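Below is one structure, written out as structure tokens; the observations come after it.
The values are calculated or read from the model by the stated rules, or taken from the named source; none is laboratory data. If you're wondering where the values come from, they're calculated on a predicted model, not measured in any experiment. A quick note on method: Cβ atoms are made from the backbone with ideal geometry, for glycine too, and the neighbour counts reach across all protein chains shown.
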Amino acid sequence: MLRVERYAEPNSVPSDTLKLSYDDRRKSRLRVWSELQREVGILLAWGSVLRDGDLLAANSGEVLLVRAAPEPLSEVRTRDWHLLTRAAYHLGNRHVPLQIEPGILRYQHDHVLDEMLVGLGLSVSVVEAPFEPERGAYARGSAHGHDHEDAHAHGHEDEHAHGHEDEHVHVHGRGHHRSDA
């Protein structure tokens, strides 16, 4: 089994490819099969998110190219910027990873979200395509030119308050501060 614990240099030449869904690319610990049918164990830093085109260095010295695999996506297309902005607001308010292109929003297929957007006056179709959502405001860059998303890169130690009923989070400038209610 090939073992991957780091990213390769940007100009490295890959010898094999990993086609991964978005859900798999968000995992820092993963066992997958390459296009050449080799087993690959990925052990990256917690919070790493692989992007289409990333290069990974196996401990053997081989380089693997990451490709975003096609998957079922819900797609909204409109020339009405107001409706598109409303859709992005409502999806973002639900922390939905979102791919944004001119006149297009895509997210992992979810019939409940589809119905919500239809209720706003948009039409939603289901497409099969690679999913490459926005990196997010808290994405961090690395020394070798890649942006690797860290879901908890808010500049604080493990104080993320999503889903915590009994806490209040106050936002002051760039940092978040927790106070118990």
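Taking the range 107-132, which residues are surrounded by 17 or more Cβ atoms within 10 Å (Cβ to Cβ), closer than 16 Å to LEU84 by Cβ and touching a helix residue (DSSP H, G or I) at 6+ places or on another chain (Cβ under 9 Å)?
Matches in the range 107-132: TYR107, LEU113, LEU117, LEU122, VAL124.
Regarding GLU71, is this residue in a strand (DSSP E or B), modelled with pLDDT of 95 or more and surrounded by 15 or more Cβ atoms within 10 Å (Cβ to Cβ)?
yes
List every residue pair whose Cβ atoms sit under 6 Å apart, with the two residues 6 or more apart in sequence or on different chains, where the first one lies in the range 1-19 and is closer than 11 Å to GLY53 by Cα and the second, anywhere, is part of a strand (DSSP E or B) and among the charged types (D, E, K, R).
THR17/ARG67; LYS19/ARG67
Just one of LEU105, LEU122 is modelled with pLDDT of 95 or more and part of a loop (DSSP other than H, G, I, E, B); which is it?
Numbers: LEU105 fails: part of a loop (DSSP other than H, G, I, E, B).
Result of the check over LEU105, LEU122: LEU122.
A quick yes/no check of all residues on (1) out of contact with any His (no Cβ under 6 Å at 6 or more places or on another chain); (2) part of a loop (DSSP other than H, G, I, E, B); (3) among the hydrophobic types (A, V, I, L, M, F, W, C); (4) over 26 Å from GLU128 (Cβ atoms):
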site: LEU18; (1), (2), (3), (4): yes, no, yes, no
site: LEU30; (1), (2), (3), (4): yes, no, yes, no
site: TRP46; (1), (2), (3), (4): yes, yes, yes, yes
site: GLY61; (1), (2), (3), (4): yes, yes, no, yes
site: LEU64; (1), (2), (3), (4): yes, no, yes, no
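Residue by residue through the range 74-85, note down the ones that are among the hydrophobic types (A, V, I, L, M, F, W, C) and either loosely packed, with under 13 Cβ neighbours inside 10 Å or not in a helix (DSSP H, G or I) (or both).
Those that are among the hydrophobic types (A, V, I, L, M, F, W, C) and either loosely packed, with under 13 Cβ neighbours inside 10 Å or not in a helix (DSSP H, G or I) (or both): VAL76, TRP81.
Which pairs do you get when a residue that is closer than 14 Å to ALA88 by Cβ, found in the range 112-123, comes within reach of a residue that is of a type in the set (Gly, Ala, Ser), reach meaning Cβ atoms under 7 angstrom, with the pair 6+ apart or on two chains?
From the range 112-123, the pairs are LEU113/SER74; LEU117/ALA87; LEU120/ALA87; LEU122/ALA87.
Does GLY92 meet the test of being surrounded by fewer than 16 Cβ atoms within 10 Å (Cβ to Cβ) and either assigned by TED's automatic domain parsing to the domain that holds SER34 or touching a residue at least 24 places away in the same chain (Cβ under 8 Å) (or both)?
Numbers: surrounded by fewer than 16 Cβ atoms within 10 Å (Cβ to Cβ): yes; either assigned by TED's automatic domain parsing to the domain that holds SER34 or touching a residue at least 24 places away in the same chain (Cβ under 8 Å) (or both): no.
For GLY92, the condition - surrounded by fewer than 16 Cβ atoms within 10 Å (Cβ to Cβ) and either assigned by TED's automatic domain parsing to the domain that holds SER34 or touching a residue at least 24 places away in the same chain (Cβ under 8 Å) (or both) - is not met.
Conditions first: (1) of a type in the set (Gly, Ala, Ser); (2) outside any strand (DSSP E or B); (3) surrounded by 14 or more Cβ atoms within 10 Å (Cβ to Cβ). GLY53 passes all but one, so which condition is the exception?
Among (1) of a type in the set (Gly, Ala, Ser); (2) outside any strand (DSSP E or B); (3) surrounded by 14 or more Cβ atoms within 10 Å (Cβ to Cβ), the lone unmet condition for GLY53 is (3).
For (1) surrounded by 15 or more Cβ atoms within 10 Å (Cβ to Cβ); (2) in the same structural domain as GLU9 (by TED's automatic domain parsing), each residue gets a yes or a no:
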{"residue": "ALA45", "(1), (2)": "no, yes"}
{"residue": "LEU64", "(1), (2)": "yes, yes"}
{"residue": "ALA87", "(1), (2)": "yes, no"}
{"residue": "PRO97", "(1), (2)": "yes, no"}
{"residue": "LEU105", "(1), (2)": "yes, no"}
